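Chemist: Take this structure, written in structure tokens, and hold onto it; I'll ask about it next.
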Amino acid sequence: MSTTLIFGGSGKVARHLTKLLSAEPGATVYSIIRNPAQEAELKELGASPIIQSVEDALVTEITATIEHTQPDAIVWSAGAGGGSAERTKAVDHEGAVKVFDAFAAATTGKPKRFVMVSAVDVRDRESKPTPDWYKPEDVKRSEAAWKAIGTYYKAKLAADKDLVSQNGKRGLDYTILRPGSLSTELGTGKVRAGKVGMQGEIPREDVAGAILACLRNKDTIGLAFDLLGPGEGDLTISEAIAKVGKNKEDTFEGYH
Ligand SMILES: NC(=O)c1ccc[n+]([C@@H]2O[C@H](COP(=O)([O-])OP(=O)(O)OC[C@H]3O[C@@H](n4cnc5c(N)ncnc54)[C@H](OP(=O)(O)O)[C@@H]3O)[C@@H](O)[C@H]2O)c1
């Protein structure tokens, strides 16, 4: 029996995750959405929707939601989805930080397990080195991606940096998952995880599978790592996540 609270519950990754979680006996999935029109569809997937916008809600209101739902884990899979710079900051950065603070403040009497869906290549490109495992094609892709959606990366960086650097006071059992470009292809059940570069895409269904694998694997607590679709050295999702957890592979440490 487990209770999961998903922020961005109506999103494409979150819907896959809702299906996976709801299939488990005794599971409860609470889904934070901002649009009441999505309620019926989410209920059909097995979620209990709660209407709350992370842009508008106060930290105390989010804390109240967490205390009401008593989650064993919270998943952040929300995002402004390429909206204006203002909304990107309000959701991807400030909305996420509100949730970190709200979870820290909430009284749940349980470990505070938190999985953050971030993105590959979220890093401080101005004052930190290029990751030493990047190949020339990764460097090229990074440059193009930051040129195209730099505002998004900066918002994600600010949120992830806050999560990692302020955790001494918050005490969340976090894992930051950093997928590459997401596709709507069917899941393959296989991923590459850890220091895997930036090439290729990953189906959203497999990102959902990786979130679930992280929730089930305590070795991933305190880690931030990259995630791509299958390639060389194919591993199943749970094997790939277990490998990263065992080797403590972190692709954010030293780059923010
Ligand atoms: N797209 C990519 O290639 C890519 C790559 C790496 C990582 N990511 C990250 O992966 C995550 C999941 O991606 P996805 O494709 O599943 O995203 P998505 O389908 O765009 O879902 C994001 C969800 O966030 C919700 N949201 C937006 N503003 C909100 C607010 N103020 N309060 C509450 N919820 C709000 C949206 O709700 P509405 O339906 O109401 O708009 C939407 O359902 C995101 O964090 C994204 O940044 C994406």
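The values are calculated or read from the model by the stated rules, or taken from the named source; none is laboratory data. Just so it is clear, the model here is predicted, and its values are computed rather than measured. Backbone-built Cβ (ideal geometry, glycine too); neighbour counts: all protein chains shown. What goes into the accessible areas is simple: the full protein's heavy atoms, side chains included, and nothing from ligands, DNA or RNA. Shrake-Rupley method; radii C 1.70, N 1.55, O 1.52, S 1.80 Å.
Chemist: Looking at the stretch 232-248, which of its residues are of a type outside the set (Asp, Glu) and either touching a residue at least 40 places away in the same chain (Cβ under 8 Å) or open to solvent by less than 30 Å² (accessible area, probe 1.4 Å) (or both)?
Modeler: Gly233, Leu235, Thr236, Ile237, Ala240, Ile241, Lys243, Val244, Gly245, Asn247
Chemist: Suppose we filter the stretch 198-256 for residues that are in a loop (DSSP other than H, G, I, E, B) and not small (Gly, Ala, Ser); how many remain?
Modeler: Residues in the stretch 198-256 being in a loop (DSSP other than H, G, I, E, B) and not small (Gly, Ala, Ser): 17 in total.
Chemist: Could you identify the single residue in Thr220, Thr188, Thr251 that is farther than 25 Å from Arg125 by Cβ and open to solvent by less than 10 Å² (accessible area, probe 1.4 Å)?
Modeler: Among Thr220, Thr188, Thr251, only Thr220 is farther than 25 Å from Arg125 by Cβ and open to solvent by less than 10 Å² (accessible area, probe 1.4 Å).
Chemist: Residues being of a type in the set (D, E, K, R), more than 12 Å from the ligand (Cβ to nearest atom) and open to solvent by 60 Å² or more (accessible area, probe 1.4 Å): count how many of those fall in the stretch 24-51.
Modeler: 2
Chemist: Give me the residue from the stretch 173-197 that is without any contact (Cβ under 8 Å) to a residue 60 or more places away in the chain, assigned to a strand (DSSP E or B) and away from the ligand (no atom under 12 Å from the Cβ) and, out of that set, farthest from His16 (Cα to Cα).
Modeler: Gly194
Chemist: Now, a different point. Do we find a residue being polar (S, T, N, Q), closer than 30 Å to Thr28 by Cα and within 13 Å of the ligand (Cβ to nearest atom) anywhere in the stretch 103-110?
Modeler: No, that holds for no residue.
Chemist: Determine if the stretch 14-25 includes at least one residue that is assigned to a loop (DSSP other than H, G, I, E, B) and either in contact with a Phe, Trp or Tyr (Cβ under 6 Å, 6 or more places away or on another chain) or in contact (Cβ under 8 Å) with a residue 40 or more places away in the chain (or both).
Modeler: No - not one qualifying residue is present in the stretch 14-25.
Chemist: So in the stretch 52-67, with the set limited to residues that are among the β-branched types (Val, Ile, Thr) and over 20 Å from Ile211 (Cα atoms), which one is nearest to the ligand (Cβ to nearest atom)?
Modeler: The selected residue is Val54.
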